[in-house]
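The values are calculated or read from the model by the stated rules, or taken from the named source; none is laboratory data. All values derive from a computational prediction rather than experimental measurement. Cβ atoms come from the backbone with ideal geometry, glycine included; neighbour counts cover every protein chain shown.
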Amino acid sequence: MHGMRVGRYAIALALCIWAGAAFAEGRVAGTMSPVVSALDTLDPNAAPAPEGLQWRILKPEWSASDERAYGEFVRAIGLSECRSVDECLKSPANIYRASDPAGLSFFADCADLPYVLRAYFAWKNGLPFSYVSGVAAIGESNDLRYSRYGNYVFQRTDVLTPSDGRWPNASYVLTNIANQISSAMYRFAPKPQQGDLFDFYPVRISPAAIRPGTNIYDPNGHVAVVYDVDGEGRIRFIDSHPDNSLTRGSYGHRFVRASPPMGAGFKNWRPLKLVGASRAGDGSYVGGYIVAATDGQLPSWSDEQFYGTARGSGWQSGRFVYKGETLDYYDYVRRAVAGHDVIYDPLAETRSMVRGLCDDLHYRAMAIDIAVQAGLDAQPQPVRLPDNIYGTSGDWETYSTPSRDARLKVSFQELKDQVAKFLALHKARSAHVAYRGTNLARDLATAYREEAGACAVVWTASDGSKRQMSFEEARRRLFDFSFDPYQCPERRWGAQGAELATCRDGDVKRRWYEAERRLRNQTERTYDVKMGFSLEELRADVPGSGQDAPPDVDVLSMLGRAADEKSASAMDALKP
C-alpha cells in the first residue's frame, strides 16, 4: 500500500486499497475481516474548513435535474482530451474548476474514480453525500475484491454539518473515500440478503437507465464510468489506473459476466436524501442523517443483466431476447441500449474497432513510459512474482500491466470474432447487416488495412530514442509484450533481435522474460490462483503458470481465406 500526504490544499487520493492488507480489529462470523483503511481517518469536521474547501449542504436531496447535470459533468470529461484525473478536473471540461483553491490536486485509481467524480460534483453543488466505508465477505474470502459470494455492507459514512456549524472539509472527505474504497464496494448480489444498502443498484438495460454517469463493474477488479451512449448503442467509458492515467474505451467482452453474487455489470448511484436537518441562517442544512433510496423506489432497478430477459434454471441458462430474437449478451446490450434494431455496417464497425484498439495501444505506451520514468526497469528483478499478478499492491500494482494487457488481448480477439460474425451474418442474408458490395471479406480486409495503416504507436526505448510500431506489428507482437515492470521497455514491447541492443537487462531478466511467456499467452485473469512463482517454477511450467500457445487474433489471415473462398465460389459459378 502506498503512503499518503495530506496538505491543507491537497487531495491525496490513494491507489485502490488492497482488501487483504488493511484489516479492522475483530472478525465477523463466517467472513474474513472487513474492508477498512490502515491509514488514519481524517475527521472532516475536526477544525474549521479553509475557504474554498467548505462543503455546504444547500439542497436536501438529489433531484432528477441534479442527476442529469452529473451526467453532463461526466460526459464533458469523457469527451475532452484529458489524460489523468488531475488533468481532467483542472481542464476546461470541468466547469467547476475556477472555484477550486490553488494547489488542489487529484489522484484516483480503479474503484476510486466513480466516487471521486460523484463526491466532487456533490461538493460543488451543495448536495448530500454518503458512501459505503466498510464491507465484509459473505462466506470466507482471502481478498474481498474477489470474494466468491459477494460482500455486504456493515458501515456507511454520511457527510454532514454538525450542530456547531463546522462545515466538512471537502479535501478530508475525498481523502477518506480514497482510503476506504476498493472494488469490493461494487461486488454484491442484485438483492443482498444482509447488511445496509450499497451505494449502487443494478439497472435495466435500456436507453433511460444506461447513461453518462452509469458505472460498469468488471468482477475481475476493474471499474469504469459511462460518458456517452450513441444512437447505435455504443457505450463509451472512462477508466483510471494505478499510475493515475485516465483512458477511454467502448463496452464489450473485456467486461465479463459472472455469477450474480459477484455483481458484474451496469450500476447507477442510489439517490440520496437528507432527513431531519435544520436550516441555518445562510441557507445551508445542519445535522440530520442521509437516507438512500431503496430498490422498490427505483423505477430502473432490474436484475435482468444477471438472469436474462427469459430466465432459465440458473443464471447461465437465462436468455437475452430482443423483439423475439435470442441474442448474445453483448449484442443484446447494444440493441437494448440503442432502443431499436441495430443494422451493422461491417466496414464502419471494423474501422471503429481498429481505431479503438489503436487508442488502447497509445494508452499502453503512456503507462510504460510512466513505469520507466519511475525507474522500475532499473530495479533488480524480484526473486518471485506477486502472489497474484492481477490483484496485488505496491509498485507491481502501480506499474505492471497484466490486467491491462489481458483486456487488450481480449479486445483483439473480440475484433476477430466480430469480423467473423459479420461474414456469417452476411452469408446467412441477415437483415442486421448492411453491405452492398460483392466480396465482403475482401472489402473488410481493405478497411482493416486502411485503418491499421493510419495507426502508428510511438514508444520510448531505454536510450530515450523514440521508435514507431505499426498496428499490425503490434498485433503480431501482442503476446510478446511483457507485463513485467522490472524489464526494459524493449521487452515491454516485445522487441527481438537487433532492436534489443539498447535494452539494459541482464541475463537474469532475460530468463524471467522467457519464463513468463506462458503467462503472457493467457487472456483469462485468474484471481484465485497463487502465482508467487520463482524463475525455476515458471521454467518448469508449474500449474497456474499460463498456457502453451496464445489464441489466434490474426484478422487478415482469416479474411484472406474467406476472400479466396468467395472468389473460388464465384469462379465455380461461371463454369459450364
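Just one of the numbered conditions (1) in contact (Cβ under 8 Å) with a residue 24 or more places away in the chain; (2) among the basic types (Lys, Arg); (3) not assigned by TED's automatic domain parsing to the domain that holds residue 475 is not true of residue 351: (3).
Can you go through 395, 359, 345, 387 and tell me which one is over 28 Å from residue 265 (Cβ atoms) and either in contact (Cβ under 8 Å) with a residue 60 or more places away in the chain or surrounded by 20 or more Cβ atoms within 10 Å (Cβ to Cβ) (or both)?
Numbers: 359 fails: over 28 Å from residue 265 (Cβ atoms); 345 fails: over 28 Å from residue 265 (Cβ atoms); 387 fails: over 28 Å from residue 265 (Cβ atoms).
From the options 395, 359, 345, 387, the qualifying one is 395.
Wholly within region 378-481, which helices (runs of 4 or more DSSP H) include no fewer than the required count, namely at least 1 residues that are small (Gly, Ala, Ser), in contact with a helix residue (DSSP H, G or I) (Cβ under 7 Å, 6 or more places away or on another chain) and more than 26 Å from residue 232 (Cβ to Cβ)?
On the way: elements: 394-399, 402-427, 440-453, 471-477.
Where helices (runs of 4 or more DSSP H) fall fully within region 378-481 and carry at least 1 residues being small (Gly, Ala, Ser), in contact with a helix residue (DSSP H, G or I) (Cβ under 7 Å, 6 or more places away or on another chain) and more than 26 Å from residue 232 (Cβ to Cβ), they are 471-477.
The test for being of a type in the set (A, V, I, L, M), under 30 Å from residue 287 (Cα atoms) and modelled with pLDDT under 95 holds for residue 108. Consider region 247-263 and keep the residues that are surrounded by fewer than 22 Cβ atoms within 10 Å (Cβ to Cβ) and among the hydrophobic types (A, V, I, L, M, F, W, C). The one that is nearest to residue 107 (Cα to Cα) is 256.
Does region 485-510 hold any residues that are within 32 Å of the chain's Cα centre (by Cα) and over 20 Å from residue 370 (Cβ atoms), and which are they? Spell out the reasoning first.
First pass over region 485-510, keeping only residues within 32 Å of the chain's Cα centre (by Cα): 485-496, 503, 505, 509-510.
Those that are within 32 Å of the chain's Cα centre (by Cα) and over 20 Å from residue 370 (Cβ atoms): 496, 510.
Among residues of region 95-110 that are under 15 Å from residue 174 (Cα atoms) and of a type in the set (S, T, N, Q), those with a Cβ under 7 angstrom from a residue that is modelled with pLDDT under 90 and in a loop (DSSP other than H, G, I, E, B), sequence gap 6+ or separate chain, pair up as 105/10; 105/11.
Residues in region 426-449 that are without any contact (Cβ under 8 Å) to a residue 12 or more places away in the chain and not β-branched (Val, Ile, Thr) were compared, and the one that is farthest from residue 334 (Cα to Cα) is 437. Apart from one condition, residue 331 fits all of (1) in contact (Cβ under 8 Å) with a residue 24 or more places away in the chain; (2) part of a helix (DSSP H, G or I); the exception is (1).
Taken together, the criteria exclude residue 282 from residues that are out of contact with any Leu (no Cβ under 8 Å at 6 or more places or on another chain) and either assigned by TED's automatic domain parsing to the domain that holds residue 409 or not in a loop (DSSP other than H, G, I, E, B) (or both). Per the listing 192, 212, the residue uniquely assigned by TED's automatic domain parsing to the domain that holds residue 287, more than 25 Å from residue 68 (Cα to Cα) and touching a residue at least 24 places away in the same chain (Cβ under 8 Å) is 192.
Only one of 101, 92 is under 21 Å from residue 45 (Cα atoms) and either surrounded by 23 or more Cβ atoms within 10 Å (Cβ to Cβ) or not assigned by TED's automatic domain parsing to the domain that holds residue 528 (or both); which? Talk me through it step by step, then tell me what you get.
Details: 92 fails: under 21 Å from residue 45 (Cα atoms).
That would be 101, the only listed residue that is under 21 Å from residue 45 (Cα atoms) and either surrounded by 23 or more Cβ atoms within 10 Å (Cβ to Cβ) or not assigned by TED's automatic domain parsing to the domain that holds residue 528 (or both).
Starting from residues that are of a type in the set (D, E, K, R) and crowded, with 16+ Cβ neighbours inside 10 Å, keep the ones in region 296-333 and report whichever is nearest to residue 256 (Cα to Cα).
In this case the residue turns out to be 331.
All told, residue 145 meets the bar of being surrounded by 24 or more Cβ atoms within 10 Å (Cβ to Cβ) and among the charged types (D, E, K, R).
Among the residues of region 72-118, the one identified as farther than 25 Å from residue 362 by Cα, assigned to a loop (DSSP other than H, G, I, E, B) and of a type in the set (Phe, Trp, Tyr) is 96.
Count of region 300-313 residues, restricted to those that are in a loop (DSSP other than H, G, I, E, B) and closer than 17 Å to residue 197 by Cβ, is 3. Identification of helices (runs of 4 or more DSSP H) wholly contained in region 501-562 with 3 or more residues that are touching a Phe, Trp or Tyr at 6+ places or on another chain (Cβ under 9 Å) and either among the polar types (S, T, N, Q) or touching a residue at least 40 places away in the same chain (Cβ under 8 Å) (or both) yields 517-521.
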